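Below is one structure, written out as structure tokens; the observations come after it.
The numbers here are math on the coordinates, done by the rules we state, and not lab data. Not measured: the values here are computed from a predicted model. Here the Cβ positions follow ideal geometry from the backbone for every residue, glycine too, while neighbour counts run over all protein chains shown.
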Amino acid sequence: MTLPSLRPLGRNLAILLLFALPLSACGGLPGSAPTNFYILQTASQLETTGTPVTLAEGTTVGIGPVQIPGYADRPQIVTFGSGAAINVSDFDHWAEPLSDAIKRVLTSNVATLIGEEKVFSYPADFRPDKQSLQVAVNVIDITETGAGVARLSVRWQVKALYDNKVLSRQAKIYEAPATVGDYNSYAKAVSQLLAEFSQDIASSLNGLNLS
């Protein structure tokens, strides 16, 4: 007596398993934590009022580029731990690249202080004239210290675009309280620090000699 072949049955079982594996992978593990996303807010969104600055007639200002430290150049939010350790949150991310977010907020804030028509995001496709300024920003540190303090350490320089001449260099450290482990609190604190920084940028443009 000849027994029926088991090979087709084995082949069909293998095909079924092949289709089942991707479905279980896509489903993820039950109970896994969702990823939270955060944005940096402009001064107007925070309802923070600054002091307007009047610049010379015809002055235009480009904000950028914005450089950030390598440890912060990632989607995950990074805070400082003990000693030289950092904490990288797998489930709390910035909603956009951090350098882009900082430039977006600074551009909006400075425009509110000196005039919307005078401020643009740099680089831009235009031909600079003798009244064109550029503000380049170097973020040294941007973090929550682990002690409930959000910190923003920056250097910035103002340059005359027409003749590529540096007119001013400045540096400052900004701090504000932030709840440890609360990334919404941290994002809001950083936004407040950027509002303060924007005021200092606008003030640093006042009285510059462009001749």
Note down the Stokes-Einstein diffusion coefficient of region 75-115 in µm²/s, whole number, using a Kirkwood radius over alpha carbon pairs, 37 °C, and 0.692 mPa s. 271 µm²/s
Using amide H atoms built 1.01 Å from N in the peptide plane, name the residues 5+ places from LEU161, or on other chains, whose amide H lies under 5 Å from its own. SER132, LEU133, GLN134
Could you line up ASP92, ASP100 from fewest to most neighbouring Cβ atoms inside 10 Å? ASP100, ASP92
Which ordering of PHE197, PHE37 is given by a fewest-first count of other beta-carbon atoms within 10 Å? PHE37, PHE197
Between SER168 and residues 5 or more places away or on another chain, the pairs with built amide H atoms under 5 Å apart involve VAL158
If you plug each phi of region 106-113 into the Karplus form 6.51 cos²θ - 1.76 cosθ + 1.60 with θ = phi - 60°, what whole-Hz ³J(HN,Hα) values come out, in order, with x for Gly and Pro? 4, 4, 5, 5, 5, 4, 5, 7
Starting from the Cα gyration tensor of region 36-205, multiply each eigenvalue by 5, take the square root, and state the resulting semi-axes largest first in whole Å. 30, 16, 14
Which order results if THR112, THR49 are arranged by neighbouring Cβ count within 10 Å, fewest first? THR49, THR112
